[in-house]
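Structure first, commentary second.
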Amino acid sequence: MSRNKKSEFNIIRGDSTTHGGYHTGTLNLSNLSAVLIEGDEARIDLGLIHAKSRVERGIKFLSNPDEVPGGTEYRVVWVAVDRKEEGPYYAGVAACTMRVNREIRRGWKNLADHVNRMDDALKRRIRVEELNDVERGALRRLLMENDPDMWKRSSDELKEALAAES
């Protein structure tokens, strides 16, 4: 990504909107982005936040993975961005799985797991145990190339969690 291109990751704003209402918790999504990983390719797909990514469109999601044979496994990675004195950084990163079989137009994902991982990212946690080495490398490359300075300002915990296995 060129230095002149605007980052696709959201950064917290003071006038952000929230989801929620009277007597409910509010969830500020203005600092949340989503990454879709397929094999060794990772790309930002903000449609994932509202279950309207390019992969999810036209798919009926089921709660039983046995009802979705075959198909493609994807990793959804929630990335929360925060700002410190030096500038923005990747603050929380959490991954979960979804499977889509385009031929039968069916998919599987554990919605509770997706919500919990989103919450983990928003709470500045690093939860990438679902990712294999190839997927970790794809995510690391995306985060580094998207904004090298944000990557440099990110925690050692994130960098170690996405480090290449030897």
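Lysine pair count for the stretch 30-159 with Cα-Cα distance under 23 Å and sequence separation of 8 or more or different chains is 9. Once the Cα-Cα distance is subtracted from the 0.36 nm per residue extended length, the ASN101 to GLU129 segment shows a gain of 7.7 nm. To put it simply, the accessible area of the stretch 30-159 at a 1.4 Å probe is 45 percent carbon and sulfur.
Under the rule a/c < 1.5 gives rounded, and otherwise a/b versus b/c splits prolate from oblate, where does the stretch 114-166 land using the Cα gyration tensor? Note, shape of the stretch 114-166 comes out oblate.
In this structure the amide hydrogen of ARG106, modeled in the peptide plane, comes within under 5 Å of the amide hydrogens of LYS60, ASN101, none closer than 5 places in sequence on its chain. The heavy atoms of ARG54 present about 100 square angstrom of accessible area, all protein chains included, probe 1.4 Å. The distance between label points at ILE49 and GLU157 comes to 2.3 nm (points 7 Å beyond Cα on the Cα→Cβ vector). Restricting to DSSP loop positions (anything but H, G, I, E, B) with no more than 11 other Cβ atoms inside 10 Å of their own Cβ, which GluC sites (Glu not before Pro) remain in the stretch 49-146? When the GluC sites (Glu not before Pro) of the stretch 49-146 are filtered for loop state and at most 11 Cβ neighbours within 10 Å, GLU85, GLU86, GLU103, GLU129 remain.
Each label was represented as a point 7 Å from its Cα along the Cα-to-Cβ direction; for LEU62 and ASP119 these points are 2.8 nm apart. A 1.4 Å probe run over the stretch 30-159, with the rest of the protein chains in place, finds 48 Å² accessible per residue.
The values are calculated or read from the model by the stated rules, or taken from the named source; none is laboratory data. Computed from a predicted structure; not experimentally measured. Counting neighbours? That spans all protein chains shown, and the Cβs are built from the backbone with ideal geometry, glycine included. Heavy atoms of the whole protein, side chains included, go into the accessibility calculation; ligands, DNA and RNA do not. Shrake-Rupley method; radii C 1.70, N 1.55, O 1.52, S 1.80 Å.
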